[in-house]
1. Out of all the residues in region 171-196, which are of a type in the set (G, A, S) and within 15 Å of the chain's Cα centre (by Cα)?
2. Give the residue that is most open to solvent (accessible area, probe 1.4 Å), with candidates limited to residues of region 264-273 that are outside any loop (DSSP other than H, G, I, E, B) and touching a Lys or Arg at 6+ places or on another chain (Cβ under 8 Å).
3. Specify the residue that is nearest to R84 (Cα to Cα); the eligible residues are those in region 153-178 that are open to solvent by 10 Å² or more (accessible area, probe 1.4 Å) and touching a Gly at 6+ places or on another chain (Cβ under 6 Å).
4. Filter region 215-232 for residues that are assigned to a helix (DSSP H, G or I) and in contact with a strand residue (DSSP E or B) (Cβ under 9 Å, 6 or more places away or on another chain) and give the result.
5. Identify all residues within region 120-160 that are farther than 22 Å from G58 by Cβ, in contact (Cβ under 8 Å) with a residue 24 or more places away in the chain and not in a helix (DSSP H, G or I); write none if there are none.
6. Starting from residues that are within 22 Å of R160 (Cα to Cα) and in contact with a His (Cβ under 8 Å, 6 or more places away or on another chain), keep the ones in region 81-116 and report whichever is most open to solvent (accessible area, probe 1.4 Å).
7. Which residues, counting only those in region 284-332, are open to solvent by 20 Å² or more (accessible area, probe 1.4 Å), of a type in the set (S, T, N, Q) and assigned to a helix (DSSP H, G or I)?
8. Scan region 236-259 for residues that are surrounded by 14 or more Cβ atoms within 10 Å (Cβ to Cβ), assigned to a helix (DSSP H, G or I), over 21 Å from the mean Cα position of the chain (by Cα) and not basic (K, R) and jot them down.
Amino acid sequence: MSLASFSSLSLIFIFIYFKFTFITEEKSHLHHLPNEVTCPDSIPNELNSSQINATSGGGIFFLETSDKTSPTFQVMCAVESAARANPDTKITIMMNGLTANNQSIPRNFGISFLSCFSNVEFVPLDFKKLFMDTPLSMWYSKVEKHWEFVDYPTLSDACRLATLWKWGGIYLDTDFIILKNLVNITNSMGLQSLYIVNGAFLTFQPQHKFIELCMRDFVNTYNYWLYGHQGPQLLTRVYKRWCGIHRLRDKKSCRGVNILPKEAFYPVDWQDWKKYFELIDPKEMKMLLRNSYGVHLWNKKSQGRRLEKGSFLEHLQLEHCPTTNSLMKMYL
């Protein structure tokens, strides 16, 4: 066996090992939780209204591309905060682990709790159907036969583009805490730094040409081995071509697509993720988040860390996902 072949096999083995380990660790944190949650009185009455509309196209979308069907506390907080801040907007959680053949949604702790919000729904995430009739269809038919050349983050990058292109609305990563109503933002992305756009928050109208170009770039320049190539780097290079610029700072809005300032969704840099677990004065936090719609928690760095009393993250949870916070303290 050649050195190149051995290296490729080693990388594939490492990828499969980490994917399996991550899923196993996630399940170990959830196995002791009850399957049912009594809907708490702390959920405002207006969230129990059946008058839900999708004022922002398809509403708000969260995606679970792995086969997990038990939302973690982090996911519960993200969805709760979005539901509370956007009570009249449909929130759809698309899960790969749910199949169209399921007679009913599985009952577990996370699903039971999030079902208390009448604007939240769970639907199957069928990759083949999602990518059908999109520029990503041929790409998916190829990688479906060679899963070693795709991982969950890359699959998620593709799914969010197809979802917004088909239905429009708002896409959010599950490591957000939403602070404000989002329905008046459209055709927008958030700046992560001076040099790159992040796709953890995206909002576009259906069949938007920018999203179509992103999907075509995804296929034409597909490179699984480069981290971020199909995600933030893709959005950044397509936006530069869209606007005919070389630097993001040259144009923050052009041809109907907007780049929101960094503080809108990424007020804390990924390098400073530990700040969320440190003590913070509420006045300092209020000043830091005065222009923020949401807070991205950089889960790739912060997952597994325990919540500290009086920390930045605890203040956020107490205000924006208080029921999840109470449940965490009860069961963790």
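1. So in region 171-196, the residues of a type in the set (G, A, S) come out as 188, 190, 193.
Passing the criteria: only G190.
2. Going through region 264-273, the residues outside any loop (DSSP other than H, G, I, E, B) turn out to be 264, 270-273.
Narrowing the set further to residues that are touching a Lys or Arg at 6+ places or on another chain (Cβ under 8 Å) leaves 270, 273.
Working: W270: 104, W273: 37 Å².
That would be W270.
3. Checking each candidate, the answer is W167.
4. Let us first name the residues in region 215-232 that are assigned to a helix (DSSP H, G or I), namely 215-220, 232.
Of everything in region 215-232, just one residue is assigned to a helix (DSSP H, G or I) and in contact with a strand residue (DSSP E or B) (Cβ under 9 Å, 6 or more places away or on another chain), namely P232.
5. Across region 120-160, the qualifying residues are V150, D151.
6. A85
7. N299, S326 - these are the residues of region 284-332 that are open to solvent by 20 Å² or more (accessible area, probe 1.4 Å), of a type in the set (S, T, N, Q) and assigned to a helix (DSSP H, G or I).
8. Of everything in region 236-259, those that are surrounded by 14 or more Cβ atoms within 10 Å (Cβ to Cβ), assigned to a helix (DSSP H, G or I), over 21 Å from the mean Cα position of the chain (by Cα) and not basic (K, R) turn out to be W242, C243, L248.
The values are calculated or read from the model by the stated rules, or taken from the named source; none is laboratory data. Computed from a prediction, not measured in an experiment: that's the story for all the values here. Counting neighbours? That spans all protein chains shown, and the Cβs are built from the backbone with ideal geometry, glycine included. When the accessible area is computed, the model is the full protein with side chains, heavy atoms only, and any ligands, DNA or RNA have been set aside. Shrake-Rupley method; radii C 1.70, N 1.55, O 1.52, S 1.80 Å.
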